[in-house]
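Below is one structure, written out as structure tokens; the observations come after it.
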Amino acid sequence: MSTAKLTIDLTALADNWRALDRLSESETGAVVKADGYGLGVAQVGKALAMAGARKFFVAQAEEGLALRRALGHGPEINVFSGHMAGDAELIRSADLIPMINSTDQLLRQVETLPGHVFGIQLDSGMNRLGMEPAEWAALRDIALAQRPPLVMSHLACADEPEHPMNAAQLQSFCDMTQGIDAPRSLAATGGILLGPAYHFDVTRPGIGLYGGLPFADAQTVVTLDLPVIQTRTVAAGETIGYGNTWTAQAETQVATVSGGYADGLLRAMGNASDAAFYHGDIRLPILGRVSMDLITVDVSSLSEPPESLRLLGDAQGVDTLADWAGTIGYEILTSLGARFERIYRS
Ligand SMILES: *Cc1c(COP(=O)(O)O)cnc(C)c1O
């Protein structure tokens, strides 16, 4: 079998949730959008509910339905995109809480689902989702009369603690929510790490749960092992892979592993001079270009041909791969391919 194994440590995931929960006095929610950051919303959602999470967040109503099926009745499921046209039946039947982003969405909500609970999303400066101050000022009394369970906003630069945008958005959120009774939420993973001023009543960590930066203390959740299909000896002067981008300076043992850019192992990684796999604690450089289904690796330092090589694990995580490819850990995680065999450890 040439299928790579993606192992997802649900105990580490739950430990990361508890560790983030300990950093604040407020209630800790859990963001499981994009299929639980690519790791499987049903398994991830259940593990987080067992750890104690009671407020979940997804991007779209359809994701909310998948999560509701996994969790059953009880936990709150909040939808960042709010109430889009055609969502009413889904919101009602899956008992979702849309975060209302605009006057249009508020009208849609009260017309199609009178009496159904909704939250509010405010724009404190990111200019992506939520009501701006003027719109909110006009709707505030009507919306608050419905007793929303959450009034939230999102930080644009929370992974840069020194960025002046953080304080500016905090001020804007405080101004917009001054004197309201409804529970408030501003912080995702980065916001939790900015300190108590950013925590309010509910926090919404995502990436930190899955082992990604900026939560540097996170435990490793994801391990990825790729089977070796073939090994060969390449003589000095020979080249490897598409475009002949790598030429052997000396005789080299080369392993070809099963996995490539079709699995989200970004082609751009191959350009980084320090891109590598691991076998135990031995680092093994990637050679040449990443292909659609294959990657070639220098295994000259091993005494025997390996059966599989590790790309993600304790030695290097999603943020290391992200650096090689010029992106962020979030993109590596959510790109991890559908072809991998997923193994859940708990
Ligand atoms: C994705 C997202 C989160 C979680 O962010 P992380 O950086 O992954 O912790 C929280 N709130 C909103 C609105 C989001 O879009």
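Between helix 41-51 and the chain there is an angle of about 70 degrees, using the helix long axis and the longest principal axis of the Cα atoms. Here the Karplus curve 6.51 cos²θ - 1.76 cosθ + 1.60, taken at θ = phi - 60°, turns the phi angles of the range 144-150 into couplings of 5, 5, 7, 6, x, x, 7 Hz, with x standing for Gly and Pro. Summing Lys and Arg as +1 and Asp and Glu as -1 over all other residues whose Cβ lies under 12 Å from the Cβ of residue 103 gives a net charge of -1. Using a probe of 1.4 angstrom, how much of the accessible area of the range 10-210 is carbon and sulfur, in percent? Summing carbon and sulfur atoms, their accessible area is 52 percent of the total for the range 10-210. Normalised per residue, the accessible area of the chain is 45 Å², obtained with a 1.4 Å probe and no contribution from ligands, DNA or RNA. Largest to smallest in accessible area, the residues 68, 267, 22 fall in the order 22, 267, 68 (1.4 Å probe, all protein chains included). Both radii were evaluated on the Cα set of the chain; the Rg over Rh quotient, with Rh as the Kirkwood radius, amounts to 1.06.
Please give the net charge around residue 296, taking every other residue with its beta carbon less than 10 angstrom from that of residue 296, where Lys and Arg add +1 and Asp and Glu add -1. Within the 10 Å Cβ shell, the charges total +1.
Taking a straight Cα-Cα cut-off under 22 Å and skipping sequence neighbours fewer than 8 places away in the same chain, the lysines within cross-link reach of residue 33 are 46, 55.
Using a 10 Å cut-off on Cβ atoms, rank the peptides 271-281, 176-186 from the highest mean neighbour count down. Intermediate values should be presented prior to the final figure.
Values: 271-281: 15.7, 176-186: 17.3.
Sorting 271-281, 176-186 by mean packing, highest first, produces 176-186, 271-281.
Under Stokes-Einstein, with the Kirkwood radius over Cα pairs standing in for Rh, what whole-number D in µm²/s applies to the range 222-345 at 4 °C and 1.567 mPa s? Rounded, D is 89 µm²/s.
The values are calculated or read from the model by the stated rules, or taken from the named source; none is laboratory data. Computed from a prediction, not measured in an experiment: that's the story for all the values here. Counting neighbours? That spans all protein chains shown, and the Cβs are built from the backbone with ideal geometry, glycine included. Side chains are part of the model used for accessible areas, which takes the heavy atoms of the whole protein and leaves out ligands, DNA and RNA. Shrake-Rupley method; radii C 1.70, N 1.55, O 1.52, S 1.80 Å.
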